[in-house]
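The values are calculated or read from the model by the stated rules, or taken from the named source; none is laboratory data. None of the values given here were measured: they were computed from a predicted structure. Note: ideal-geometry Cβ built from the backbone for every residue, glycine included; neighbour counts use all protein chains shown. What goes into the accessible areas is simple: the full protein's heavy atoms, side chains included, and nothing from ligands, DNA or RNA. Shrake-Rupley method; radii C 1.70, N 1.55, O 1.52, S 1.80 Å.
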Amino acid sequence: MNFNKLIQQEKNKEYFQNLVTFLAKEYENKIIYPPKSDVMNAFKLTHFQQVKVVIIGQDPYHQPNQAMGLSFSVKQGVQLPKSIINIFTELEDDLGIHNTSGDLTPWAKQGVFLLNTTLTVEQGKPMSHANQGWEQFTTTVIHELCQQKQDLVFLLWGKHAQQFEPVAKQYGHYVLKSVHPSPLSAYRGFFGSKPFSTCNKYLISKNKQPIDWRTYNV
């Protein structure tokens, strides 16, 4: 299995065709993020065979110039949203890495699959594209990864991501979970959870290359 084959398989289904129709109207009449060319970036930047780590977000950033098709990631040079500031704070505390670029493409290229469960959003309206078909698609993708891959690490931050814990554990994958890194919850267990070093220790124990969590010089 690869992502192209999986996407093509889903595109032939009625729910996906309804989603495509919905998106065509939305992009035509409203400001939608990310740009069309970036919507599938998680699939373009991380090949199915390459996936080692899965980080699940909810939906894209809904302010201008932020969303780029990877969960939690923003384009180079864009001011960092609070959630990624907290992710980087924990990373520095955990591994001493000080990232200033919020573009997580270097993670994606090493096999960190950065997937939002809803892949598009209207400007200024979080979750505005929920329940239009994206969740069915991304849930299918996650189930396929769980079935086809071995020894994945799932970093499940917050209740929304943790809905995928049962399927990850059913297929024997390693789950690291905590509260969401948002300002509302980060102090209730995200800080101090050491997800990055713990993830790498597990990868090493399975004879896999650990992730270089820097977003610079990679």
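Details
- The equivalent ellipsoid of segment 136-218 has semi-axes of 21, 19, 12 Å, largest first, where each one is the square root of 5 times an eigenvalue of the Cα gyration tensor.
- Between Tyr216 and Glu92, the simple spin-label model (points 7 angstrom out along Cα→Cβ) gives 1.1 nm.
- Annotation: amide H of His129 within the under-5 Å range of Glu122, sequence separation 5 or more or interchain, hydrogens built in the peptide plane.
- Rounded to the nearest 5, the antiparallel percentage of DSSP beta bridges internal to the chain is 20%.
- Test item: Cα-centred dipole of the chain, Lys/Arg +1 and Asp/Glu -1 on Cβ, debye: 300 debye
- The sum of -39500 (n - 2.57) across all DSSP H runs of n ≥ 4, divided by the residue count of the chain, sets its helix-only mean residue ellipticity at 222 nm to -11000 deg cm²/dmol.
- Average accessible area per residue (Å²) across segment 1-152 - probe 1.4 Å, nucleic acids and ligands excluded: 45 Å²
- Extension gain for Gln123-His160 works out to 11.2 nm (0.36 nm per residue, less the C-alpha to C-alpha distance).
- Our note on the geometry: Cα centres of segment 80-101 and segment 156-192, 17 Å apart.
- Around the amide H of Phe113, modelled in the peptide plane, lie the amide H atoms of Lys52, Val53, Val54, Ile55, all under 5 Å away and 5 or more residues distant in sequence or on another chain.
- A Gaussian network model of the chain, with springs between Cα atoms under 10 Å, assigns the largest mean-square fluctuation among Ile32, Ile85, Ile204 to Ile204.
- Where a label projected 7 Å from the Cα of Lys109 along Cα→Cβ would reach, residues of segment 44-75 with amide N under 12 Å: 45-46
- Relative contact order of segment 1-77, pairs being alpha-carbon contacts under 8 Å that are 6 or more residues apart, as %: 29 percent
- One quarter of the surface of the convex hull around the alpha-carbon atoms of segment 15-112 equals 7.2 nm², the direction-averaged projected area.
- Estimated vicinal HN-Hα couplings, Hz - segment 140-153 in sequence order (Karplus 6.51, -1.76, 1.60; Gly, Pro = x): 4, 4, 5, 4, 5, 4, 4, 6, 8, 9, 10, 6, 6, 9
- Bridgeable lysines around Lys208 (alpha carbons under 18 Å apart, same-chain partners fewer than 8 residues away excluded): Lys52, Lys109, Lys149.
- For the chain, built as a Gaussian network whose Cα springs stay under 10 Å, the top-fluctuating residue of Lys25, Lys75, Lys206: Lys25
- Carbon + sulfur, % of accessible area of segment 122-218 - ligands and nucleic acids excluded, 1.4 Å: 47 percent
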